[in-house]
Amino acid sequence: MMLKMAKRMLFEADKRLLWKLAWNMGVKGGMSVLRHKSRLKRGEVFPPFLYVSIINSCNLRCQGCWVDVAHKQKTIDPPAFRKLIREAKQMGNSFFGIVGGEPFMHPQLLDMLAEFPECYFQIFTNGHFITDERAKRIRELGNVTPLISVEGTEIISDERRGRTGVLSKTMQGLQHCLNNGVFTGVCTSLCRTNIDDLLREVWVDRLIEMGVLYTWFHVYRPMGPNPNADLCLSPEQAMKARKFVVEMRAKKPIVIIDAYYDGEGQALCPAATGISHHINPWGDIEPCPIVQFSKESIHTTAEDGRTLKEKFLKSDYLRDFRAVAAEATRGCIVLERPDLLKALVEKHGAKDVTARQTALAELAAMQVRTSQYSPGNEVPEKNLLYRIAKRVFFNDFGVYNGKDHSQTAAPGVLAGK
Ligand code: SF4
């Protein structure tokens with residue numbers, strides 16, 4: 001299988017793009033994680049993988065979206081983006097996730113990324129704005145990979161995403177990328193209405209046939225002003241998804257990403273481990289995209305002239321978030337212990353950084369739910385390469401430190417509800 005994967009990379013991907021990926025993302029990204037590990041030993045956290053929402057606007061209206069897509073447009077402008085990337089680079093970062101809203105609605109998106117050929121950017125997109133011309137530009141840049149979201153069949157996609165003709169436009173954007181030899185991924189937010197169509201070997205095979213080189217199965221999280229609990233996976237479905245990913249990694253020549261398990265199959269939270277935090281379109285620094293409360297901003301003001309490094313390293317709020325999250329669960333504190341998160345936000349006087357200004361009330365109204373943590377049901381990686389890579393580059397980095405969370409896990413997790 002690994003041989004087949006290597007063949008696909010060598011024969012299907014453009015060599016210059018492959019080199020950029022291997023160097024900027026593989027080698028430099030790996031080094032940034034090693035730096036993160038040594039900073040952790042000094043009690044310092046500066047996330048090696050920053051996710052930056054550069055715009056709040058979107059052309060779609062997905063069920064349960066927590067971004068204020070219909071509010072007045074706010075973008076991270078080129079000078080602020082430049083300053084952010086430069087400061088992060090000084091900390092050894094080279095990989096950035098670009099999120100939205102729909103990032104391609106930002107008029108300067110590709111020009112901003114072109115300024116940093118030594119970095120690597122993954123754009124989370126619905127693909128609708130990727131024309132043939134844009135795909136050509138992406139290929140020319142070489143430091144960008146689009147991760148295009150496919151959320152189900154025609155009917156399900158329209159229902160999930162609140163517009164018509166969504167899937168065909170997404171597939172057009174995807175095809176433009178593939179026609180131009182762009183290193184392209186496809187992701188899916190698994191939920192009850194798409195799991196039976198997309199968590200299938202035939203879908204993975206179809207992606208491979210099309211020339212897609214990597215995929216990512218997220219799990220729908222009921223957040224925001226209109227959370228749709230009916231879409232949540234049951235614990236059994238979540239377990240099925242984990243097993244499927246592990247199986248497919250062992251047998252299909254396509255890279256499969258996940259962000260919630262180490263190589264032994266133990267759950268983790270990337271915000272609690274400090275490997276990743278999020279910046280919203282207003283420049284507010286958040287623990288992760290669904291924790292929309294902040295104390296720090298990337299922007300320099302008369303009151304706060306600190307560097308990005310100082311803001312991350314000296315943030316009591318972020319430090320406390322990581323500690324409380326790691327103490328509470330190996331899963332997601334937002335889903336399992338919204339009460340603790342609310343108390344933390346109130347203790348620090350963290351600002352609601354949504355445009356709608358209802359995030360605290362939403363948190364107060366949240367029901368306890370299961371997350372990726374399912375003690376006793378760990379599914380270790382079968383593919384040795386993933387297992388080794390995760391041991392070195394993606395694990396809990398000791399933040400859970402032998403804590404026994406099995407007694408504090410969300411009741412549904414233990415009961416398997
Ligand atoms: S808090 Fe929850 S949603 Fe946020 S990174 Fe952690 S596990 Fe993921």
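Data table
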{"item": "Filtered residue count, the stretch 113-129, keeping only those that are part of a helix (DSSP H, G or I) and either surrounded by 21 or more Cβ atoms within 10 Å (Cβ to Cβ) or touching a strand residue (DSSP E or B) at 6+ places or on another chain (Cβ under 8 Å) (or both)", "result": "1"}
{"item": "Yes/no for Arg356 being modelled with pLDDT under 95 and charged (D, E, K, R)", "result": "no"}
{"item": "Test result for Asp230, modelled with pLDDT under 95, more than 20 Å from Lys7 (Cα to Cα) and in a helix (DSSP H, G or I)", "result": "yes"}
{"item": "Selection count where residues are within 16 Å of the ligand (Cβ to nearest atom) and either among the acidic types (Asp, Glu) or under 12 Å from Leu84 (Cα atoms) (or both), scope the stretch 281-311", "result": "3"}
{"item": "Only listed residue being over 30 Å from Ser149 (Cα atoms), within 16 Å of the ligand (Cβ to nearest atom) and in contact (Cβ under 8 Å) with a residue 24 or more places away in the chain, chosen from Val345, Val324", "result": "Val345"}
{"item": "Hits in the stretch 249-265 (condition: at negative phi and either free of Cβ contacts under 8 Å to residues at least 40 places away in the same chain or within 16 Å of the ligand (Cβ to nearest atom) (or both))", "result": "Ile257, Asp258, Ala259, Tyr260, Tyr261, Asp262"}
{"item": "Selection status of Tyr400, among the hydroxyl-bearing types (Ser, Thr, Tyr), farther than 15 Å from Met223 by Cα and within 13 Å of the ligand (Cβ to nearest atom)", "result": "yes"}
{"item": "Helices (runs of 4 or more DSSP H) contained in the stretch 260-350 and holding at least 3 residues surrounded by 23 or more Cβ atoms within 10 Å (Cβ to Cβ)", "result": "316-328, 333-336"}
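Condition check ((1) part of a strand (DSSP E or B); (2) touching a His at 6+ places or on another chain (Cβ under 6 Å); (3) more than 19 Å from Asn180 (Cα to Cα)) across all residues:
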{"position": "Leu60", "(1), (2), (3)": "no, no, yes"}
{"position": "Gln73", "(1), (2), (3)": "no, no, yes"}
{"position": "Ala135", "(1), (2), (3)": "no, yes, no"}
{"position": "Glu140", "(1), (2), (3)": "no, no, no"}
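The values are calculated or read from the model by the stated rules, or taken from the named source; none is laboratory data. Predicted, not measured: the structure shown is a model, and the values here were computed from it. When we count neighbours, we look across all protein chains shown, and the Cβ atoms used for this are built from the backbone with ideal geometry, even at glycine.
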